[in-house]
Amino acid sequence: MKKPPKSAGYPDRDLDCQLSMESDFQKFIETSVDAGWNRQEVLEAAVELALAHLMADDENAKTDFAIAMARRQLHYERPATPELPEAERLAHAETFIANLGVKTEFGGSEAYYRPSADTVFMPPFTSFRDAASYYGVWLHECGHASGTKHRLDRDLSGRFGSAAYAAEECCVEILSGLILADLSIVHHPRPDHAAYVASWLKVLKNDPKADWMHSQQPQSDTLVA
């Protein structure tokens, strides 16, 4: 991969980065296809992986989340941050999430819900900037778990970028923010939550036929505090 032609901050640096990555990225796609994956699966997985990294970085930095960047960045070097002390865990939040009955496994650097295993995967507590970020991400992923067939039975089959996918992301991100407030972890809207929801609302606005408010509306008290 080529080095940047200029120092940081110049126009079109992102395009130069794409051009620098293009050859290696094409080889990555070809290798994945040779291994048995189809091209569409590989591209969607790459975008979702990039998005997961960007979301985690945004939670830690408390900056606006721009989802469009996920389509242009496949690598991001996280700045060094001090570890979050275990003493800052919140007992009432831990109890609330434990009572949801959603299995969670800790480790790695990515947060996601895997429907086939009905399991949430979370980075360790110490890797987050603050407790609110940690519980916000955990509740977001538990929100996805609430939509599985044996709970609220929402449509979790939408592809990345589709109206169904955007509706699900809006649903669980709003849920996460509401529960953080209900548990008195935060008392004002977090800019990162607002920016993330806004980015997916843009996707929904491009699909005027999407009846997402009705299709995604919870029909039980699965995540009531």
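Would you confirm whether or not segment 205-219 contains a residue that is buried (at least 18 other Cβ atoms within 10 Å of the Cβ), modelled with pLDDT of 80 or more, in contact with a Leu (Cβ under 7 Å, 6 or more places away or on another chain) and of a type in the set (A, V, I, L, M, F, W, C)?
no
Got a sec? Which of Ala117, Ala87 is in a helix (DSSP H, G or I) and either farther than 21 Å from Gly177 by Cβ or modelled with pLDDT under 90 (or both)? Step through it out loud before you land on a result.
Values: Ala117 fails: in a helix (DSSP H, G or I).
Ala87 is the lone residue from the list that is in a helix (DSSP H, G or I) and either farther than 21 Å from Gly177 by Cβ or modelled with pLDDT under 90 (or both).
Ala167: of a type in the set (A, V, I, L, M, F, W, C), touching a helix residue (DSSP H, G or I) at 6+ places or on another chain (Cβ under 7 Å) and not in a loop (DSSP other than H, G, I, E, B), yes or no?
yes
Is it the case, given these coordinates, that Thr31 is over 24 Å from Pro124 (Cβ atoms), at pLDDT 85 or above, out of contact with any Phe, Trp or Tyr (no Cβ under 9 Å at 6 or more places or on another chain) and of a type in the set (Val, Ile, Thr)? Let's see the steps before the verdict.
Details: over 24 Å from Pro124 (Cβ atoms): yes; at pLDDT 85 or above: yes; out of contact with any Phe, Trp or Tyr (no Cβ under 9 Å at 6 or more places or on another chain): yes; of a type in the set (Val, Ile, Thr): yes.
Yes; evaluated as a whole, the condition is true for this residue.
Quick test of your reading of the structure: Ala93 fulfils all but one of (1) more than 26 Å from Glu83 (Cβ to Cβ); (2) surrounded by 19 or more Cβ atoms within 10 Å (Cβ to Cβ). Name the failing condition by number.
The single condition Ala93 does not satisfy is (1).
Can you tell me which residue in segment 101-111 is nearest to Leu51 (Cα to Cα), limited to those that are surrounded by fewer than 18 Cβ atoms within 10 Å (Cβ to Cβ) and touching a residue at least 12 places away in the same chain (Cβ under 8 Å)?
Only one residue fits best here, namely Glu110.
Out of the residues in segment 170-191 meeting the condition of being modelled with pLDDT of 85 or more and not in a helix (DSSP H, G or I), tell me which one is surrounded by the fewest Cβ atoms within 10 Å (Cβ to Cβ).
Checking each candidate, the answer is Ser184.
For Ala8, indicate whether it is surrounded by fewer than 12 Cβ atoms within 10 Å (Cβ to Cβ), modelled with pLDDT under 80 and either touching a His at 6+ places or on another chain (Cβ under 9 Å) or more than 29 Å from Tyr113 (Cα to Cα) (or both). Spell out the reasoning first.
On the way: surrounded by fewer than 12 Cβ atoms within 10 Å (Cβ to Cβ): yes; modelled with pLDDT under 80: yes; either touching a His at 6+ places or on another chain (Cβ under 9 Å) or more than 29 Å from Tyr113 (Cα to Cα) (or both): yes.
Judged against the criteria, Ala8 is a match.
Would you check if there is a residue in segment 153-167 being at pLDDT 85 or above, hydrophobic (A, V, I, L, M, F, W, C) and either buried (at least 16 other Cβ atoms within 10 Å of the Cβ) or more than 22 Å from Leu90 (Cβ to Cβ) (or both)?
Within segment 153-167, not a single residue is at pLDDT 85 or above, hydrophobic (A, V, I, L, M, F, W, C) and either buried (at least 16 other Cβ atoms within 10 Å of the Cβ) or more than 22 Å from Leu90 (Cβ to Cβ) (or both).
Out of all the residues in segment 90-108, which are in a loop (DSSP other than H, G, I, E, B), among the hydrophobic types (A, V, I, L, M, F, W, C) and within 19 Å of His144 (Cα to Cα)?
Leu100, Val102
The values are calculated or read from the model by the stated rules, or taken from the named source; none is laboratory data. As the structure is a computational prediction, the values presented were derived from the model and not from experiment. Cβ: placed from backbone, ideal geometry, glycine included. Neighbour counts: every protein chain shown.
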